[in-house]
Amino acid sequence: EEPGSSWWRLEVPLQGDLGQNFDTWTGWDRAPQLRHLLEDPQKDFVIETKLRFDPAAAPAPTDPFLMGLLIYFSRYDIMHFHAGFERMVGGEPKNVLLERSGLNNLLVDYYPDLLLGSEIRLRLEKKCSTYNAFWLGEDEEVWHYMGSYETEDTPKYVGLIMKTWQAGASF
């Protein structure tokens, strides 16, 4: 790579396991990641993605499948802001979640049209040691602020993640 150029790295299946596991959480989760190296991890940044599930092929709300944004701190420590998998939090369904390895449901919200084919945008803004999470539904003009998560840990990559658990979805 030339100095100053950008590049992306795709986590690929391990050899010999028929593509079932990726080299993050080997043998447990299936989590392909598309990552971009941060040249200066101390700088603030904004990452954003747009997602749309095909309603004809969308997983059931309880199927363990999600897609979204990724902050990679180390091989076994990622923060992901994702949509897709619905879980009950405080007795209410939530399907837009900010989580970190070993820390579930840090920030949660619900978008009712998510698996019906409606578009959703996810945005994470890093300011100093604080990560602010927002989402925007299709045909909406105002971003939903989910809250903030603070950590002094230094990110290495940003990117996208698609994830299933153990024998979860094959979508």
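The values are calculated or read from the model by the stated rules, or taken from the named source; none is laboratory data. Everything numeric in this text was worked out from a predicted model, so none of it was measured. Surface areas here come from the heavy atoms of the whole protein model, side chains and all, with no ligands, DNA or RNA. Shrake-Rupley method; radii C 1.70, N 1.55, O 1.52, S 1.80 Å.
Need one value: the accessible area of LYS43 in square angstrom, 1.4 angstrom probe, rounded to the nearest 10.
130 Å²
Roll a 1.4 Å probe over the protein heavy atoms and report the accessible area of SER101 in Å², nearest 10.
SER101 exposes around 40 Å² with every protein chain in place.
What relative contact order, as a whole-number percentage, does segment 101-165 give when Cα pairs under 8 Å and 6 or more residues apart are counted?
Across segment 101-165, relative contact order equals 25 percent.
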